[in-house]
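Below is one structure; the comments refer to it alone.
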Amino acid sequence: MNAFTYRCTDCGRRYSREEVRYLCPECGTSYRPGIPLVGVLEAVLDDGAIRSSFDRQNPDWQLFCAVEREFHPPLAVGNTPLARVDRLGSELGLDRLWVKNDGLNPSGSLKDRASFLVVAEARRLGEKRVVAASTGNAASALAAVAASAGVEALIFVPEKAPRAKLVQMVLAGATVVPVRGTYDDAFRLSLEYTAQRGGLNRNTAYHPLTIEGKKTAGLEIWAQLGYEVPDAIVVSVGDGVILGGVHKAFVDLRRAGLADRLPRLVGVQAEKSDAIHRYVQTGRYEDAAEPSTRADSISVVCPSNAHGARRAILESGGATLTVSDAEILEAQERLLGRTGIFAEPAAAAALAGLVKVQAGPGRFGAEEKVVILATGHGLKDVEAPLSRISIPPAIEPRLEAVRV
């Protein structure tokens, strides 16, 4: 494992890994549930060690990892395919377009990456219970990874979480607590639980290793493109941690001298769950008033990593935009119909955003390398696309009844 320290992204103070667990002890004292996290920590690696030891012919990814290999759960997470999608690219005027299909992780979403590292940390610390709040994907991920490692998972979910995700959690043996309220209510309750009753809290950005786990998607994109930095990565955005994690991957690569630039990040939010988009546009943070969207995984009143997501967009020279539910569901159908990749609505929002970008004055050039990060599998939520399609009725088992 590469040696590291934690650095507060607000005040810059440094801490050893044993000094802190969640937020910066100084800045974090001003945090209260209901506002974006402050005092979020980032792992600062030994760049010199990475520079001198990393071999592209035989890459040791443990150099970028904050938890020793001996504590890793026995579940194969990551290494998802990066598919070049020329048919879709030609429709969008892009000669070099890829989709990173993270819906092929064990539980069906990118969030397995964060859960993997937090469960590894729980094993290192001797914690027997990991607690999380989630709209579904982070909870499903935690349930699966915890089951593989023999660690207890306690999960607070909004009562309207998709049934497919709830089934995953329960079958994996997690203790599931549906909450009458929003994701933000579940988030607050989970913090109260670990503060008073113990366990390791996996909440996104609150535990810094969630960002470290999610950055592995960015490292894989870099390696799968032949150790080249793409011109842009398009990411669906809810709480902003996936966006922050992808950005952290390329920051680490640049700090270590392995990459000379950052990809532009394009953050796509649902129209009614647009707190980060408005924050980027105005420089002033406000909650999303009524974040109702068919893309449940990116429906958030108060994004936990709003400050970090805004920094990532600005530092990368990227942009944010919003898309409607109709555009999201249309993109979901288009992605499957052109590439064979079935993404849940929240993941398809990234394509919806790219479609909008390519229809405007800020479109990407044909030769630019663009990656769509598809964060979750479509089987996570089949109810949403059913609002747009109809299943054909059954026919008699006679050839003349076939009307095609």
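Key figures
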quantity	calculated
Neighbour-count order for ASP46, ASP252, ASP10, fewest beta carbons within 10 angstrom listed first	ASP46, ASP10, ASP252
Sparsely packed GluC sites (Glu not before Pro) within region 36-97, loop by DSSP, other Cβ within 10 Å at most 14	GLU68
Between region 44-67 and region 279-339, the alpha-carbon center distance in angstrom	32 Å
Per-residue Cβ neighbour rank within 10 angstrom, fewest leading, LEU351, LEU63	LEU63, LEU351
Pairwise centroid distance, computed over Cα atoms, of region 206-231 with region 343-396, Å	22 Å
Amide proton proximity set for VAL179, modelled H, under 5 Å, gap of 5+	VAL157, GLU159
Proximal charge balance of GLY136 [Cβ under 11 Å; K/R count +1, D/E count -1]	+2
Region 233-334: GluC sites (Glu not before Pro) falling in loop per DSSP and having at most 16 other Cβ within 10 Å	GLU286
Region 166-260: trypsin sites (Lys or Arg not before Pro) falling in loop per DSSP and having at most 11 other Cβ within 10 Å	ARG180
Computed E for ARG255/SER16 - FRET, C-beta separation, R0 25 angstrom, nearest 0.05	0.80
³J(HN,Hα), Karplus 6.51/-1.76/1.60, whole Hz, each residue of region 150-159, x for Gly, Pro	x, 10, 6, 10, 10, 10, 9, 10, x, 5
Region 88-101 - phi-based ³J(HN,Hα) in whole Hz, Karplus 6.51/-1.76/1.60, Gly and Pro as x	5, x, 5, 5, 9, x, 10, 7, 9, 10, 10, 10, 8, 8
Order of TRP98, TRP222, TRP61 under a 10 Å beta carbon neighbour criterion, fewest first	TRP61, TRP222, TRP98
Theoretical ellipticity at 222 nm over the chain - DSSP helices of four or more residues, -39500 (n - 2.57) apiece, nearest 500	-11000 deg cm²/dmol
Cα gyration tensor shape for region 130-192, rounded if a/c is under 1.5, else prolate or oblate	oblate
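Throughout, read-outs are computed from the coordinates displayed, never taken from laboratory work. Owing to the predicted nature of the structure, the values given are computational and were not obtained by experimental measurement. Because the Cβ atoms are built from the backbone with ideal geometry, glycine has one as well, and the counts that use them run over all protein chains shown.
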